[in-house]
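Below is one structure, written out as structure tokens; the observations come after it.
No lab work stands behind these numbers, since they all come straight from the coordinates. This structure is a prediction, so every number in the text was calculated from the model and none was measured.
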Amino acid sequence: MRTEPGEVYAVAKGLRITPQKARVVVDLVRGRSVDEAISILRFVPRKASPLVSKVIESAAANAQENLGIARRDLVISRAFVDAGTTMKRVHPRQRGQAFPILKRTAHITVVVRSKEV
């Protein structure tokens with residue numbers, strides 16, 4: 001992934017949630033400050049909320065450790081969800097038929113940068 005100077009990112013891969021459901025939560029926090037995004041996710045009743053929150057925390061920790069940027073100065077510049085591998089299972093049905101079950105996974109990426117002053 002290509003990042004600009006001053007940007008730091010974190011990725012969580014292979015999460016057992018569909019990308020469609022995770023994108024709803026990621027859309028809530030895109031463009032917000034890190035602290036505001038974490039407080040929003042704390043009260044969103046979705047399975048993806050703690051997963052996205054963990055990735056944001058990781059990106060913030062990477063920025064503090066690698067660039068020395070204070071957490072209060074960080075804003076989420078980009079956040080997106082990609083489809084991961086799909087586990088394929090079979091559900092037996094009537095008269096010997098088999099219906100496919102697709103267990104989808106997601107990759108969540110969050111990019112943070114310092115606020116413009």
| Tell me, in nm to one decimal, what length is gained between Val44 and Asn66 on full extension, where the rule is 0.36 nm per residue of separation less the Cα-Cα distance? | 4.9 nm
| message | Just to check I understand the Karplus step: with θ = phi - 60° and J = 6.51 cos²θ - 1.76 cosθ + 1.60, what whole-Hz values come out for segment 10-22, glycine and proline as x? | response | 9, 10, 10, 10, x, 6, 7, 8, 6, x, 4, 6, 6
| note | the chain, Gaussian network, Cα under 10 Å: of Ala22, Ala83, Ala98, the residue fluctuating most is Ala98
| field | Long-range lysine pairs (8 or more apart or interchain), the chain, Cα under 24 Å | value | 14
| query | Going by alpha carbons, how many degrees (0 to 90, nearest 10) lie between the helix axis of 48-67 and the longest principal axis of the chain? | reply | 40 degrees
